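Remarks on the structure that follows.
The values are calculated or read from the model by the stated rules, or taken from the named source; none is laboratory data. The model shown is predicted, which means the values in this text are computed figures rather than measured ones. In this analysis, Cβ positions are derived from the backbone assuming ideal geometry, glycine residues included, and neighbour counts consider all displayed protein chains.
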Amino acid sequence: MSAFGRKNGVGGPGGGAGSRPSFGIAKPMRTGAPPSPTDRNASQTSGGEQFPPIPNSGIPLEPGAEPVIVSPHADAMSRLADRVNASGEAGVSEVGGFEQSVHKIKEQVLPRLLERVDPEAAATLSKEELSEEFRPIIMEVLAELRITLNRREQFALEKVLIDELLGFGPLEELLNDPDISDIMVNGPQQTYIERKGKLQIAPIQFRDEAHLFQIAQRIVNQVGRRVDQTTPLADARLKDGSRVNVIVPPLSLKGTAISIRKFSEKPITIDMLKGFGSMNEKMATALKIAGASRMNIVISGGTGSGKTTMLNALSKMIDPGERVLTIEDAAELRLQQPHWLPLETRPPNLEGQGAITIGDLVKNALRMRPDRIILGEIRGAECFDLLAAMNTGHDGSMCTLHANSPRECLGRMENMILMGDIKIPKEAISRQIAESVDLIVQVKRLRDGSRRTTNITEVIGMEGDVIVTQELFNFEYLDEGEDGKIIGEYRSSGLRPYTLEKARQFGFDQAYLEACL
């Protein structure tokens, strides 16, 4: 296997220019007359009958032409050369054709429209009501400018103008596209989107930096936050729960940058994740039982790997009679339970005071009679408060954090607690983690864009000063398909789970044991 995940071809030594010479070619044994010199020469150039050459199947052959042998080494080096020679100047969003003409007309119509409209009154109307009110005014402005539009152009112009006044301008069409999962605005001239796991440039542009900054302020103001020169960083959310991060100059050198992580309108379940190929049947059963049996679960993974989606899916297994509190920096969890109370942190005011941290909310949540406490993401000393909650009668608590593997997840939890002002030895921290956490679910986004559950690991206890874990399931990489898709399989370790006792308390011990073996 090469470093880039592609299979090395058969006959690597001697399979292309620059490779080391062959020490002989294996040929099948023959009986009868010895081969002629012509046959010997042909077999040496072709690799023998036992190892036929690899034809370049991507290029159609002329009648009677010999197949071209492609060296995997040469293919890999050509891809490296293409990457080196690629221009870094590309990447400017282009608006062309019909959209460009509509946007040009919008720039002429918008100033005259604002002269005839009361913005405060317009803000009280819905988009449908505003369309009805705007239609005659737009026709009047177009007549003044002597611009004639057909019906399709009129509808497009109305939509663009209303998005500009009430919505998020050019971002509206991207937000309404269900196939787009991420929107990344890198200044007014460049916007990228993620569609089905792949990044591509979006055909939208903002007028200028002032226009983009105005849209960013409109987004964060909806949730009572602000972004400006004094507070150049902001986390926010949209009405549908999508997560937004805004960073403005002078921290962002290309202009205002907006990152939007969209979430599916339809709640994702564990069975849906299994259908997407994120796990197999046994893993899905084990996670369902873990969620229903009130095991303490930590979901670990990188950015965009699906941690929040997994947490939302696991929440479906919580008993409807349990009281669940969620604590986040920017509320994005959408639990599928009736008795759910979301809490959100508060940033400091202009004087730098009045901030409410995750740790403050965890301490307050203990006084609110929760059955489960769920943290959207832990990044610092609040990890100790979560462990205290897990270890003091709030079984079934969950959280997410950034880590590359279950073992690194445990190390990060130790480091986050040490980052705080808590003066306790590292061994005591490790012991509390081992006693509190039951399962670590590792999720990962692979290079083909797919999101997989790569590990389900139990935390068993302590052996000396080391936390002992046991892997129940893992994903093993096998190959890469012709379409670039990763091929692998989910494997069970076949070990008896240490968390079986918790499953037995809820009557799931037999099903849990069968799923893990």
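Quick grid of which residues meet (1) part of a strand (DSSP E or B); (2) in contact (Cβ under 8 Å) with a residue 60 or more places away in the chain; (3) not assigned by TED's automatic domain parsing to the domain that holds Met390:
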{"residue": "Val443", "(1), (2), (3)": "yes, yes, no"}
{"residue": "Arg447", "(1), (2), (3)": "no, yes, no"}
{"residue": "Thr454", "(1), (2), (3)": "yes, no, no"}
{"residue": "Glu458", "(1), (2), (3)": "yes, no, no"}
{"residue": "Leu472", "(1), (2), (3)": "yes, yes, no"}
{"residue": "Glu482", "(1), (2), (3)": "no, no, no"}
{"residue": "Ile487", "(1), (2), (3)": "yes, no, no"}
{"residue": "Tyr490", "(1), (2), (3)": "yes, yes, no"}
{"residue": "Arg496", "(1), (2), (3)": "no, no, no"}
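The residues on offer are Glu414, Glu427, and the sole one that is over 25 Å from Ala313 (Cβ atoms) and touching an Asp or Glu at 6+ places or on another chain (Cβ under 9 Å) is Glu427.
Reported count of residues in region 478-502, each being farther than 22 Å from Val443 by Cβ and among the aliphatic types (A, V, I, L, M), is 1.
For region 111-206, the helices (runs of 4 or more DSSP H) that sit wholly inside it and include 1 or more residues that are in contact (Cβ under 8 Å) with a residue 40 or more places away in the chain and β-branched (Val, Ile, Thr) are 151-165.
Scanning region 399-411 for residues that are surrounded by 19 or more Cβ atoms within 10 Å (Cβ to Cβ) and either of a type in the set (S, T, N, Q) or under 21 Å from the mean Cα position of the chain (by Cα) (or both) yields Cys399, Thr400, Leu401, Ala403, Pro406, Cys409. Note on region 212-255: residues that are assigned to a helix (DSSP H, G or I) and out of contact with any Ser or Thr (no Cβ under 6 Å at 6 or more places or on another chain) total 7. The requirement of being assigned by TED's automatic domain parsing to the domain that holds Ala511, assigned to a helix (DSSP H, G or I), more than 23 Å from Ala388 (Cβ to Cβ) and modelled with pLDDT under 90 is not satisfied by Thr303. Within region 280-305, restricting attention to residues that are under 16 Å from the mean Cα position of the chain (by Cα) and not β-branched (Val, Ile, Thr), the residue that is surrounded by the most Cβ atoms within 10 Å (Cβ to Cβ) is Ser300.
Against the test of being closer than 27 Å to Thr309 by Cβ, modelled with pLDDT under 95 and not acidic (Asp, Glu), the options Gly484, Gly464 yield a single qualifying residue, Gly484. Applying the set (1) at pLDDT 90 or above; (2) surrounded by fewer than 21 Cβ atoms within 10 Å (Cβ to Cβ); (3) over 16 Å from the mean Cα position of the chain (by Cα) to Val248 leaves exactly one unmet item: (2).
Restricting Glu153, Glu132, Glu158, Glu164 to those that are over 30 Å from Gly449 (Cα atoms), surrounded by fewer than 15 Cβ atoms within 10 Å (Cβ to Cβ) and either of a type outside the set (S, T, N, Q) or not assigned by TED's automatic domain parsing to the domain that holds Arg207 (or both) reduces the list to Glu132.
Filter region 269-279 down to residues that are outside any helix (DSSP H, G or I) and at negative phi and give me whichever is surrounded by the fewest Cβ atoms within 10 Å (Cβ to Cβ). Top of the filtered list is Phe276.
Within region 480-500, can one find any residue that is loosely packed, with under 14 Cβ neighbours inside 10 Å, among the aliphatic types (A, V, I, L, M) and more than 30 Å from Lys198 (Cα to Cα)? Yes, that holds for at least one residue.
With respect to the numbered conditions (1) of a type in the set (Gly, Ala, Ser); (2) more than 30 Å from Gly304 (Cα to Cα); (3) out of contact with any helix residue (DSSP H, G or I) (no Cβ under 9 Å at 6 or more places or on another chain), which one is the sole condition not fulfilled by Ser131? So Ser131 meets the others, but not (3). Looking only at residues of region 138-150 that are of a type in the set (A, V, I, L, M, F, W, C) and surrounded by fewer than 16 Cβ atoms within 10 Å (Cβ to Cβ), we find that the one that is nearest to Ile204 (Cα to Cα) is Ile147. Selection over region 256-268 of residues that are among the basic types (Lys, Arg) and either over 21 Å from the mean Cα position of the chain (by Cα) or part of a strand (DSSP E or B) (or both) gives a count of 1.
The set of residues in region 498-517 that are part of a loop (DSSP other than H, G, I, E, B) and either free of Cβ contacts under 8 Å to residues at least 60 places away in the same chain or among the hydroxyl-bearing types (Ser, Thr, Tyr) (or both) comprises Tyr498, Thr499, Gly507, Leu517.
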